[in-house]
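Chemist: First, the structure itself, so that you have it in front of you.
The values are calculated or read from the model by the stated rules, or taken from the named source; none is laboratory data. Since the structure is predicted, the reported quantities are computational estimates derived from the model, not experimental observations. As a convention, Cβ positions derive from the backbone with ideal geometry for all residues, glycine included, and neighbour counts pool all protein chains shown.
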Amino acid sequence: MSASNAQRFDPGFPSSQRTALSRRVVLKGALVGAGVLALPQILGACGDDDEATTTTAAPGTTGGGTGEVTSTELEVFSWWTGGGEAAGLDAMIAIWNSQYPNTKFVNAAVAGGAGSNAKAVLAQRLEANDPPDSFQGHAGAELSDYIKAGQVEELNSYYEEWGLGDVFPSDLVDQITVDGKIYSVPVNIHRANVLWSNPTVVADAGITATPESFDDFIAALDKVKAAGKTPLALAEQWTVKHLMETVMISKLGAEAWAGLWTADGDWSSADVTDALEGFKTLFGYVNSDYASLTWQDAAKRVVDGEAAYNVMGDWADGYFTELEKTPRTDYDWAPVPGTAGVYDWLSDSFTKAKGGKHPDATVAWLKLCSSKEGQDAFNPVKGSIPARKDADTSKYGVYLQSAMEDWKTATLAGSLAHGVVASNAWNTDIDGALGLFLEDKDVAAFQDALLTAHDTYAV
């Protein structure tokens, strides 16, 4: 998604000043439970039928060229089909077409459900031994399913050849590494815990300050409700899970949230009960038709003045720009109340599928994904910050520039809804429990189901 020159980010947006060591401890706590934590020292050691040949630029850290590519096509699988995400992919495809004019880029994207539909189609293809050349996956535990199944190839040698250990944050590389092996290339970083608001609706409701705590948030929602507007715009179930994780991080804190995904995580605690009760409370303020809406529908209600707030990742900023809405006028933003200084993060990455038909083109694609040129073309349009530390900040709006600074110092909390802390199987069980909760709002039964899922999948 995109960020325009008109975008603005509050310079007072809070961020944690915890040390890098504290940040890493919180980050690792979640990933140990997911079974994907790796040794950081790997950073230092990190047959095709087609006949056409493409001449490319020499290998380097700024471009995507990797040398000779003999494949006539490359199939890339993702769930980027609309808005800024599709535009960001198109920006990288344009670079690909320039560098590899004789190698057709086959965009095999599947729409719907924040990737849930695509993952189902991908699973069928992998089971049938018909993999795409490269497929999208979220950094963290989500990748572990493909790794354990032997469906992706390791990329250590490419990381070493391309010098990625020097340009990617070591914390991030930890998340995409298993037993010393790296299996994907991250193209971005997103922030999930963003509260989007309509300044006019908020002001008309008599709200004079951004809510900083969960209790402040409830008080603000009450004022909007009394003013006759929808307090909190919500959409389909994955956005409900997204909302749930931000409420739990708000109530528990980043460190306790991370601990839930370890073998010792206590899902039966009173603190978890309180967080789930807070989550339940929010349903007294949401639109009744949420189940039939997409995330874009819910976000649009905010900028159209029909709702006051929406909790969504920073890709919403790109969508608002696509709608030609004006930052700080048509919409505003802040951390989800209670999460100031926390970065609820996720990262999109691409793999080299085992058995892909065009391995040389796949390597060229991954090189492009990892490159400064590729990331600086993709991320300003998608509305995310680059995974690389050496991005050209002049290409990014003020919001994204500030997000880059926050990423360096904030306490990290891995996203549940977007694959960082729990495997696909664990997420599926949580989805089932959440679906039942949405029918009966039984917190005790929901908590029991979450505890059972933990005991099934935590290591």
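Chemist: For segment 413-424, what are the residues that are more than 16 Å from A263 (Cβ to Cβ) and more than 13 Å from the chain's Cα centre (by Cα)?
Modeler: If the condition is that a residue be more than 16 Å from A263 (Cβ to Cβ) and more than 13 Å from the chain's Cα centre (by Cα), then N424 is the only one that fits.
Chemist: Scan segment 311-318 and give yes if some residue there is of a type outside the set (S, T, N, Q) and at pLDDT 95 or above, otherwise no.
Modeler: Filtering segment 311-318 down to residues of a type outside the set (S, T, N, Q) leaves 311-318.
Checking the rest, the ones that are also at pLDDT 95 or above come to 311-312.
Yes, the conditions are met somewhere in segment 311-318.
Chemist: Right, here's the next one. Can you find a residue that is in a helix (DSSP H, G or I), out of contact with any strand residue (DSSP E or B) (no Cβ under 6 Å at 6 or more places or on another chain) and more than 28 Å from V381 (Cα to Cα) anywhere in segment 199-213? So that I can check it myself, show each step before the final result.
Modeler: Our first condition is that a residue be in a helix (DSSP H, G or I); within segment 199-213, this holds for 199-204.
Within this subset, residues satisfying the condition of being out of contact with any strand residue (DSSP E or B) (no Cβ under 6 Å at 6 or more places or on another chain) are 200, 203-204.
From the residues that got through so far, the ones that are more than 28 Å from V381 (Cα to Cα) too are 203-204.
Yes, the conditions are met somewhere in segment 199-213.
Chemist: Now for a different question. Which pairs turn up if I take residues in segment 353-366 that are within 14 Å of A108 (Cβ to Cβ) and look for partners that are at pLDDT 95 or above and assigned to a helix (DSSP H, G or I) with beta carbon separation below 8 Å, at least 6 apart in sequence or on another chain?
Modeler: These pairs meet every condition: A353/L126; A353/T362; G356/T362; W365/W96.
Chemist: From T208, T246, which residue is crowded, with 22+ Cβ neighbours inside 10 Å, in the same structural domain as E306 (by TED's automatic domain parsing), hydroxyl-bearing (S, T, Y) and at pLDDT 95 or above?
Modeler: Values: T208 fails: crowded, with 22+ Cβ neighbours inside 10 Å.
Of the residues listed, the single one that is crowded, with 22+ Cβ neighbours inside 10 Å, in the same structural domain as E306 (by TED's automatic domain parsing), hydroxyl-bearing (S, T, Y) and at pLDDT 95 or above is T246.
Chemist: Just give me the residues in segment 263-308 being surrounded by 20 or more Cβ atoms within 10 Å (Cβ to Cβ) and assigned to a loop (DSSP other than H, G, I, E, B), in sequence order.
Modeler: Across segment 263-308, the qualifying residues are G265, Y285.
Chemist: Let me ask something else about it. In a strand (DSSP E or B) and among the β-branched types (V, I, T): does that describe V106? Steps first, answer last, please.
Modeler: On the way: in a strand (DSSP E or B): yes; among the β-branched types (V, I, T): yes.
For V106, the condition - in a strand (DSSP E or B) and among the β-branched types (V, I, T) - is met.
Chemist: Then there is this: Here are some residues: V202, V185. Which one is in the same structural domain as A258 (by TED's automatic domain parsing) and modelled with pLDDT of 95 or more? Don't jump to the end; show me each part of the working.
Modeler: Values: V185 fails: in the same structural domain as A258 (by TED's automatic domain parsing).
When all the criteria are applied, what remains is V202.
Chemist: Return a yes/no flag: does segment 113-125 have any residue that is of a type in the set (G, A, S) and either touching a Pro at 6+ places or on another chain (Cβ under 6 Å) or closer than 17 Å to P359 by Cα (or both).
Modeler: Going residue by residue through segment 113-125, those that are of a type in the set (G, A, S) are 113-116, 118, 120, 123.
Next, only the ones that are either touching a Pro at 6+ places or on another chain (Cβ under 6 Å) or closer than 17 Å to P359 by Cα (or both) stay: none.
No; the residues of segment 113-125 include none that is of a type in the set (G, A, S) and either touching a Pro at 6+ places or on another chain (Cβ under 6 Å) or closer than 17 Å to P359 by Cα (or both).
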